[in-house]
Amino acid sequence: MGTAPAGDRSRCNPVVVVTEKTSRRNPAKQLCAAIVLCAGLLATRTSAQAAEVAANVDQRFQQVSKAGLDAYTSGDFPQAIQQLTTLIREYGTVPGYAKPVAKARYLLALSLVREKNWRQALTEIDTFLGSPAEDIMGSDREELLFWKPLAHLQLGESEEAAQGFQNFYRLYPASTRRSSAGVLTASALLSNQKYDDAAAYLNSIASQLSGNARQQAIILQLYSLIQAGKTSEAVKLVNDTYPQLDQQPQVVSYSKLLIELATKLAAENNALLAVNTLKLIRSRDELIELQRKRLTELERAIAVLNERPDRVADLIDARGVKDRIDADLKSLVDQPLFDAQVRLEQASRFIELGRNLEAALLLESMLRDLPQNPVIEQASQTLLRCWYETGNWPRIIELADVFAERFPDSEELPAALFMKAQALAELNDYDASAAIFAEIATRFPDDALAPRALFSQGFILATLQEYDRALAIFEGMPGKFPNDSMADTATFWQGNTLSMAGKSREAIERLAEYQTKFPDGVEKLPAQYRIAYNHHALREFDQSIPQLTAFLAVQSTGPDASEARLLLADGYFAQGQTEEGLAVLRDVPPADAAYFEEAWFKTAKVFRLQERIEELRAHLADFVENYPTSGRVAEALYWLGWSHRDDPAKAREVYWDAITRLGNDPANAGIEDILLGLQKIPPSDDTELARELKVRAEQAESAGEFVLALRLNWARAQLVRGTAPEQARYLLISQSNKINPATTDPRIVADVADALFDDGRTELAAAIYLDLVRWNPNSGEKARGLARLAELANRAGDSDAALRWYERVIEEAPDSTYETAALLDAARLLAAADRSGEAITYLDLLLRKKTTPAQTKAAALVLYGDLLAQQGDYAKAIACYQRVYVLYGRWDEHVAPAYLRSAKAFESLGDTASARRTYEEFAALERFQSTDAAREATTALERLPAEGNSNPAATTQPEAAP
Amino acid sequence: MIRRFLIILALPLALAARAKDTIELLDGEKITGTILAVRGTSLMLRRSLEGGTQAEFSLPVENIKSVTFDRGAKLFELLDQPTVPLPELERTWTAEQPFLALPGSPAGRAGLRMADQLVLSGERADAVKALGALDAIIARGPDDEIRIEAAALRPAALYFAGQPEKAVEAAREFSKLENTTPAQLSRARLVLGLAALGELETLVEENPRWREDARVKPRHDALKFSALEHFLHPFLFVRQAGDAEAAGLYYAARVSRMSGDTEAIERYHLDLTTLHPQSPYTNQTRDLLPTPPTPSTP
């Protein structure tokens, strides 16, 4: 009934009716189907027609026609053809036989069809159709008008076939074959590779089709659109038809077309629609289940059709679909990796789009949901790389472990571990990273990554300043991996590590060995530079100058080049070749900001040392003018002011000039330092300076230059806070509305908040401290903000909040001046909350710190003693207390309780003699005599027996204090 | 058969309703009449007796296999439309809610579609209304399928109703259920994503310079990846996910804004304009794009 379209059939051939294919595979089956079709046609009509023929012809005619009909009905089509041809030849021109001859021709045509004699069949059909209308039956005409294009289709005359089916479709709107004709029209067009026409035609008849024909048409239309390159229409068709996929008999064909569409979309750089199309493809299990269900339904339908001779055409059609489904199913069953491949394809498209996150999520679902297979193993590697690209370090670490567990024997395991080590390094966990690199090198010595892993381990150790271990690794590498390119780099790094360790002489020797061993090595230039660098470090300028010059001749740009210029200039200066040095410094490019500024200030230093004052001033003024956001502007101004050291007024003028011009831009860091520097210009007159700051602040305020006004007022508060703290406080408070936490210098923010805090305006102070902490995560002032927030919470009685802030001080500002106080206050809160274990942990930490102030240590020891005494450990408690009055006797507020509690602890131990002695010792201290504590001691002495009572178990040898 | 019914009241013919609802009992028997109400565990039915008298009957709901309402076909047709105006859904839900427990009742479908629209508006009052419907469906829905569907929507309703902690708990519980579809799961994940986004927004608000803060950045990244993973679930895994996909992409753009990743916002906007050009989320995502520079005048 139809043919597969010509063209590339290897990818996806969705054509649903495949007579030609079926015939080729099973001619008998095809022939049989055709016979049944005609038999069916005859079954309803032949008896009456035969009688009609017989009644009107002579005996001869009756004999021949009977023989023809008998042959036809018995399926002997060659005999039928012979008899019917004879009849037509003998009676074709005999008057009065036109009707029976036409009927015979009809049967002859059908017999020829069954014999696949398509050309002859066409001739007979055409002759039949050319007969006068009154001689032929309308139903016969309809029948042959359907078979005619089919014959054309079989003969490869697809254009005529398409026209014929289209004609049939138009002429017989009520025909049961109309839908088939519509679908076959498209098949014929596709055979002729008229994809556009087929798609347009199917689109035009889509609404008139229903049931299986509609579903077949969808498959053909999708195929046509894809082949025609009309991908956006194909996408629309998919969007419209996908929700009814459960009704599609050929779900696998449909899915294959989705893959083809996605491929086409991707080729058109429409990867998004490609992945969206691939997403529609159901899992292999789902597809197989659904397709088998559809197949079962189809097989039931075929069984019914087998019993219906009048539906032979439908039977053939259904069998064609079944063949196609069988093939699809087999192909899908034979693809156990189908799901993995589809998801991998989706992920690949996302990777093409640079969307590693989406790719990673897809690949991860593969790893999680699908059974273990080689595709997944490979995909896991891609997954790790995708997460690496997105910077999801914790996930890489986690997944590398999953990979190691699922694929312990995988060849890719070293690569997975390598990425894990890299991720650990990204998270600053260098020790763990180095350990994984070491594991790779040890467990997989033959893997290509082993040298890189070992090198990375050495590199990390060198970074951690574990030079000896790093050096041992680099020294061992050439022996372990003599043929690996990393041996070259490792040899260079032997010298470089020695250089980093400050062993310049050994470094030079090792680097020279490298140059000999690897004259064209990948580290040739770095080695050249490092040798020069180490000669410079050894002050061997006669060596370093030519070497650095030679290096710069080869490598004139980059950080190494800029650093080399600084060294070279230093070398020249050391040799007294000032101008050569200055010339070199001028070549440091601004792009290497840190080196550039360093070069600028080295130049200034030379001008200063050589008293080239005018050049110095011009040079520094140039810097202030051109790099106002630099953190070194204050330094430049300082030296600019210094250049006017004989003329303080001029020096101040220089400062004021910079402050006035640059001070209102918050981006110009360093203005605060310039303002503080103003105070140091001799002869300093704080009153005059304070007055000038006030006047200029008022002027700035009037001019709407609020940033400048804030800075000036803050500077004035700094100036007067020693002599007029109240004035300083109110001045700062008055500036609180000018603070922009995102841009204001954190020192100003913290000082204003402190002023509010001291003034009791705690709510506003807390808000500003919070801003200080939020906007300045790496500023030293953050510790102040955190400590004050803790204090505020503590004062407000919110112990939980206070503890949280204290913990942040301890974690985030471990070496700040606020840390030890935070440790003590947190310990106090914990002690009050009966969390003595945690309190003791903090106190231990506090007492171990060398930076802890003595007063804080004294307070900590008293608290420590109290906690131990609460636990009944009086001996250790006494040791703590004694340590206070022995070592920190200066701090009376801690000494008094330490004595009293020490004595009480002795009493608790039953050692009244030691208790008495301790009370006496304290009571004898003159400075405490009028205090409550002294009176308490006196009362205790009156209570205790005069001689005391020593407890041998506690005779006053307290255990060591913490 | 009549013995299985309790005749409540006989009525004159004039009061007879014209509707012909069909009730199929568990034993296959079919009864026609007019369903009046469901009271407790009983169905109230009006039907003709011999002689044309109308009578009300009570039938235990547990004996009913399915119910075909006379008006059902029309309602199901309405509910199958891709878009149904919210007021119409609300009217249908109100009218059909009494029959929610009956198998074959359109009430559950109407309630779910109404709740879906209400939840997606993101408004608290709407979410509260949606929650009421969903809880009713979970309590009285006729089968597991519809109850699971309601349970899938419930976390989002809770979230927008201002109960984020309960929402997250409900979403986590739902995620553990078996036999849920990817589409249902994506609704629960939307809530988990919203919770992560909320935490992320707070984190960024409290730490505007999180990039420079080694303490905060890992937490930021963890929340970002968690939120994105939840929000992108429909985009990556749910076929024809519709609004859920559009919502997910919009929220993914919100996450990206928190991270200052303007390229990602542009990508998600492009996804939305390509896949969901008509969705309100597309416009909302456009609003997240960085403002294009104003052309300078010569």
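The values are calculated or read from the model by the stated rules, or taken from the named source; none is laboratory data. Everything quoted here is computed from the prediction, not taken from an experiment. Cβ coordinates were reconstructed from backbone atoms using ideal geometry, including for glycine residues, and neighbour counts include every protein chain displayed.
Does B:E229 satisfy the condition of being acidic (D, E), under 22 Å from B:A247 (Cα atoms) and either more than 14 Å from every other protein chain (Cβ to nearest Cβ) or in a helix (DSSP H, G or I) (or both)?
It is true that B:E229 is acidic (D, E), under 22 Å from B:A247 (Cα atoms) and either more than 14 Å from every other protein chain (Cβ to nearest Cβ) or in a helix (DSSP H, G or I) (or both).
Confirm whether A:K517 is under 30 Å from A:E466 (Cα atoms) and out of contact with any strand residue (DSSP E or B) (no Cβ under 7 Å at 6 or more places or on another chain).
yes
Looking at the structure I just gave you, is B:G198 of a type in the set (G, A, S), touching a Pro at 6+ places or on another chain (Cβ under 7 Å) and within 12 Å of chain A (Cβ to nearest Cβ)?
Against the criterion (of a type in the set (G, A, S), touching a Pro at 6+ places or on another chain (Cβ under 7 Å) and within 12 Å of chain A (Cβ to nearest Cβ)), B:G198 does not qualify.
Going through region B:173-197 one residue at a time, which ones are more than 22 Å from B:R124 (Cβ to Cβ) and not polar (S, T, N, Q)?
Listed by number, the residues that qualify are B:E173, B:K176, B:L177, B:E178, B:P182, B:A183, B:L185.
Within the set of pairs 6+ apart or on separate chains, which have a first residue in region A:905-918 that is on the phi > 0 side of the Ramachandran plot, a second that is surrounded by fewer than 24 Cβ atoms within 10 Å (Cβ to Cβ), and C-beta atoms under 8 Å apart?
Short answer, once both residue conditions are applied: A:G910/A:N949; A:G910/A:N951; A:G910/A:A953; A:G910/A:A954.
Determine, yes or no, whether A:S204 is of a type outside the set (K, R), touching a helix residue (DSSP H, G or I) at 6+ places or on another chain (Cβ under 7 Å) and either on the phi < 0 side of the Ramachandran plot or surrounded by fewer than 17 Cβ atoms within 10 Å (Cβ to Cβ) (or both).
So A:S204 fails the test.
Out of B:F231, B:F225, I need the residue that is in contact (Cβ under 8 Å) with a residue 24 or more places away in the chain and farther than 21 Å from A:T277 by Cβ. Which one?
From the options B:F231, B:F225, the qualifying one is B:F231.
Restricting attention to region B:247-268, report how many residues are closer than 17 Å to A:N356 by Cβ, surrounded by fewer than 22 Cβ atoms within 10 Å (Cβ to Cβ) and not polar (S, T, N, Q).
5
Assess whether A:A360 counts as being among the aliphatic types (A, V, I, L, M) and within 11 Å of chain B (Cβ to nearest Cβ).
yes
If B:L49 passes every condition in (1) within 23 Å of the chain's Cα centre (by Cα); (2) surrounded by fewer than 22 Cβ atoms within 10 Å (Cβ to Cβ) but one, which one does it miss?
Unmet condition: (1).
Where residues in region B:187-209 are β-branched (V, I, T) and in contact with a helix residue (DSSP H, G or I) (Cβ under 9 Å, 6 or more places away or on another chain), which of them is nearest to A:S779 (Cα to Cα)?
B:V204
Just to be sure I understand, how many residues within region A:692-721 are among the acidic types (D, E) and either buried (at least 22 other Cβ atoms within 10 Å of the Cβ) or within 47 Å of the chain's Cα centre (by Cα) (or both)?
1
In this structure, is A:T176 surrounded by fewer than 22 Cβ atoms within 10 Å (Cβ to Cβ), outside any helix (DSSP H, G or I) and more than 14 Å from chain B (Cβ to nearest Cβ)?
It is true that A:T176 is surrounded by fewer than 22 Cβ atoms within 10 Å (Cβ to Cβ), outside any helix (DSSP H, G or I) and more than 14 Å from chain B (Cβ to nearest Cβ).
Of the residues A:F551, A:F607, A:F596, which is in contact with a helix residue (DSSP H, G or I) (Cβ under 9 Å, 6 or more places away or on another chain) and more than 29 Å from A:V654 (Cα to Cα)?
After applying the criteria, what remains is A:F551.
Can you name every residue in region A:729-758 that is within 14 Å of chain B (Cβ to nearest Cβ) and either in contact with a strand residue (DSSP E or B) (Cβ under 8 Å, 6 or more places away or on another chain) or loosely packed, with under 15 Cβ neighbours inside 10 Å (or both)?
Listed by number, the residues that qualify are A:N740, A:A742, A:T743.
Based on what the data block shows, is B:G260 at positive phi and either at pLDDT below 90 or at the interface with another protein chain (Cβ under 8 Å from one of its Cβ atoms) (or both)?
Here the answer is no, as B:G260 does not meet what is asked.
Looking at A:R784, A:R761, A:R795, A:R804, can you tell me which residue is within 13 Å of chain B (Cβ to nearest Cβ) and charged (D, E, K, R)?
A:R804
Can you find even one residue in region B:235-243 that is more than 14 Å from every other protein chain (Cβ to nearest Cβ), farther than 30 Å from A:N428 by Cα, touching a helix residue (DSSP H, G or I) at 6+ places or on another chain (Cβ under 8 Å) and not hydroxyl-bearing (S, T, Y)?
Checking region B:235-243: at least one residue is more than 14 Å from every other protein chain (Cβ to nearest Cβ), farther than 30 Å from A:N428 by Cα, touching a helix residue (DSSP H, G or I) at 6+ places or on another chain (Cβ under 8 Å) and not hydroxyl-bearing (S, T, Y).
Please go through region B:276-287 and give me each residue that is buried (at least 20 other Cβ atoms within 10 Å of the Cβ) and within 13 Å of chain A (Cβ to nearest Cβ), ordered by number.
B:H276
Residue by residue through region A:477-489, note down the ones that are of a type outside the set (D, E, K, R), more than 15 Å from A:K524 (Cβ to Cβ) and touching a residue at least 12 places away in the same chain (Cβ under 8 Å).
The answer is A:M477, A:P478, A:F481, A:M486.
For region A:240-252, state whether one or more residues are within 13 Å of another protein chain (Cβ to nearest Cβ), crowded, with 22+ Cβ neighbours inside 10 Å, farther than 12 Å from A:I218 by Cα and not basic (K, R).
No, that holds for no residue.
In this structure, is A:R114 of a type in the set (K, R) and buried (at least 20 other Cβ atoms within 10 Å of the Cβ)?
yes
Report, by residue number, each residue of region A:268-281 that is under 25 Å from the mean Cα position of the chain (by Cα) and either part of a helix (DSSP H, G or I) or within 11 Å of chain B (Cβ to nearest Cβ) (or both).
Matches in region A:268-281: A:N270, A:A271, A:L272, A:L273, A:A274, A:V275, A:N276, A:T277, A:L278, A:K279, A:L280.
Give the residues of region A:405-434 that are closer than 28 Å to A:R368 by Cα and aliphatic (A, V, I, L, M), sorted by residue number.
Across region A:405-434, the qualifying residues are A:L413, A:A415, A:A416, A:L417, A:M419, A:A421, A:A423, A:L424, A:A425, A:L427, A:A432.
Out of the residues in region A:80-107 that are farther than 19 Å from A:L122 by Cα and not small (G, A, S), state the one that is surrounded by the most Cβ atoms within 10 Å (Cβ to Cβ).
Once the filter is applied, the top-ranked residue is A:P100.
Yes or no: region B:201-220 includes at least one residue that is assigned to a helix (DSSP H, G or I), more than 9 Å from chain A (Cβ to nearest Cβ) and surrounded by 22 or more Cβ atoms within 10 Å (Cβ to Cβ).
For region B:201-220, residues assigned to a helix (DSSP H, G or I), more than 9 Å from chain A (Cβ to nearest Cβ) and surrounded by 22 or more Cβ atoms within 10 Å (Cβ to Cβ): absent.
What's the total number of residues in region A:368-389 that are surrounded by fewer than 20 Cβ atoms within 10 Å (Cβ to Cβ), within 18 Å of A:Q346 (Cα to Cα) and within 14 Å of chain B (Cβ to nearest Cβ)?
Residues that pass the stated criteria total 4.
For region A:318-357, enumerate the residues that are of a type in the set (A, V, I, L, M, F, W, C) and either more than 24 Å from A:E297 (Cα to Cα) or within 14 Å of chain B (Cβ to nearest Cβ) (or both).
Residues satisfying the conditions are A:L337, A:F338, A:A340, A:V342, A:L344, A:A347, A:F350, A:I351, A:L353, A:L357.
Among the residues of region A:913-935, what is the count of those that are among the charged types (D, E, K, R) and surrounded by 18 or more Cβ atoms within 10 Å (Cβ to Cβ)?
1
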